[in-house]
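The values are calculated or read from the model by the stated rules, or taken from the named source; none is laboratory data. No experiment lies behind these values; they were computed from the predicted model shown. When we count neighbours, we look across all protein chains shown, and the Cβ atoms used for this are built from the backbone with ideal geometry, even at glycine.
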Amino acid sequence: MLIAMLPASFKRLTRRSFLRDTSLAAAWLAWMQRARAADAPKPGDAPPAKRLGVVLAGLGRYATGQLRPALQQTQFCKLVGVVTRRPDVGAQWAKDCGFSAKNVYNYDTMAKMADNADIDVVYVVTPNGLHAGHVAAAAKAGKHVICEKPMANSVAECDAMIAACRDAKRTLSIGYRIHFDPYHQELMRLAQGDFAPFTKMAGEFCFVMGAHEWRIEKKLSGGGPLVDIGIYSFHEACLAANANPIAVTAKEIPKKRPDFFTEVEEGIEWTMEFPGGATAQCRASYNENANHCRAEGAKGWIDLSPAFSYSGLKGSTSRGSLSFPPINQQAKHMDAIAQAILEKKDSPVPGELGRRDMVIMAGIYESAKTGKRVELKFI
Ligand code: NAD
């Protein structure tokens, strides 16, 4: 069985070892490569013994446009309910998706999920500032949790979320879909192997925001483009470096639309320093367009553009262009988490990883505010 192939270092994962042990990334990568081969159904394969019942909490664009269709492509998950402020919308989802109307909850009735054996996992897809409360409510109801990125608005919230899931003996996973995309897996493979070490990384993810939304309200978002889309660039740089950064230096990009971006940055750029001298230059903005990442070293380079989209990724390396068959990132992401839960293993994208990214973002904001280089401490 797939999970039985998990390397020993992965099985021993704890928060401290995860933060210290960069070889975990190598173990994870090896596991994913074997997982890809084992995933492919073979003639005569029996259907999976169990699919975990997943409830989507928050029925906005990502849940509706990506997760709902992805759940129709998963092998180990099925959509069994929703949490929504709108009972009429919940009832329509129940009808359209074929689950019981009793599985429609609102944010004040989540505790009642404790009595519902249909539900194994709650996937929190609400605005960032609400993640901590919704994750705690799901864990208290005895459910495993997947929480969208960014994990929360602060490191303290991340600690509380991790503690809530640990106390409930349930897993906490973060919505890091790119870990399950073959282009990004190729970057990780090269970072671990032929092209190691990458010494110079770059990443930029930007789009032009038109209408006002919660993403520019500080209380609900926790920050601007850094937390929403900049997180992809620096997360990727960490994968390429196969390490956590030791320091960051950042500056906010002067606002061109100060009347629109009143509570959060319009754009920000930052440099990350890694052990051994590798660096990453990153940029995120809500007022330009970009979607790219690159990692290079003495032995070769990889360039992805578009890098962070749900599909249609393109890329090349110093050996030539890359081409992988299309996959559904969200289905792969949810299936990998479900398999880990079914086999009682640690999540491939645990809460600790979300917390690590929160420490990095706090450092970037501190540097942008003070103008100083900020050293990062993860423990
Ligand atoms: P959205 O605004 O489209 O949806 C948010 C949902 O939360 C809505 O259904 C809304 O009704 C609900 N909600 C509950 N309480 C609310 C409140 N008090 N105020 C506002 N909305 C409330 O947002 P989205 O784009 O779906 O993003 C949701 C989460 O998913 C965010 O954390 C975002 O960062 C994440 N996301 C991740 C990806 C990814 O690729 N992994 C992509 C998009 C969004």
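Structure data summary
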item	result
Out of 70, 152, sole residue that is crowded, with 18+ Cβ neighbours inside 10 Å and in a loop (DSSP other than H, G, I, E, B)	152
Selected residue (criterion: farthest from the ligand (Cβ to nearest atom)) from residues of segment 80-109 that are surrounded by fewer than 22 Cβ atoms within 10 Å (Cβ to Cβ) and of a type in the set (A, V, I, L, M)	101
Which numbered condition residue 282 misses (of (1) more than 17 Å from residue 253 (Cβ to Cβ); (2) touching an Asp or Glu at 6+ places or on another chain (Cβ under 8 Å))	(1)
Qualifying helices (runs of 4 or more DSSP H) (wholly inside segment 170-241; at least 2 residues being closer than 15 Å to residue 354 by Cβ and in contact with a helix residue (DSSP H, G or I) (Cβ under 7 Å, 6 or more places away or on another chain))	231-241
Flag for residue 236 being of a type in the set (Asp, Glu) and touching a residue at least 60 places away in the same chain (Cβ under 8 Å)	yes
In segment 199-231, residue farthest from residue 275 (Cα to Cα) [restricted to those that are within 12 Å of the ligand (Cβ to nearest atom), over 19 Å from the mean Cα position of the chain (by Cα) and among the charged types (D, E, K, R)]	213
First in segment 58-69 and of a type in the set (A, V, I, L, M), second anywhere and crowded, with 18+ Cβ neighbours inside 10 Å and in a helix (DSSP H, G or I), Cβ under 7 Å, 6 or more apart	59/93; 67/330
Where residue 322 falls short, out of the listed (1) more than 16 Å from the ligand (Cβ to nearest atom); (2) more than 22 Å from residue 163 (Cα to Cα); (3) surrounded by fewer than 17 Cβ atoms within 10 Å (Cβ to Cβ)	(3)
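Residue-wise test of (1) surrounded by fewer than 17 Cβ atoms within 10 Å (Cβ to Cβ); (2) at pLDDT 95 or above; (3) closer than 23 Å to residue 213 by Cβ.
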position: 229; (1), (2), (3): no, yes, yes
position: 243; (1), (2), (3): no, yes, no
position: 246; (1), (2), (3): yes, yes, no
position: 251; (1), (2), (3): yes, yes, no
position: 256; (1), (2), (3): yes, yes, yes
position: 260; (1), (2), (3): yes, yes, yes
position: 267; (1), (2), (3): no, yes, yes
position: 277; (1), (2), (3): yes, yes, no
position: 280; (1), (2), (3): no, yes, no
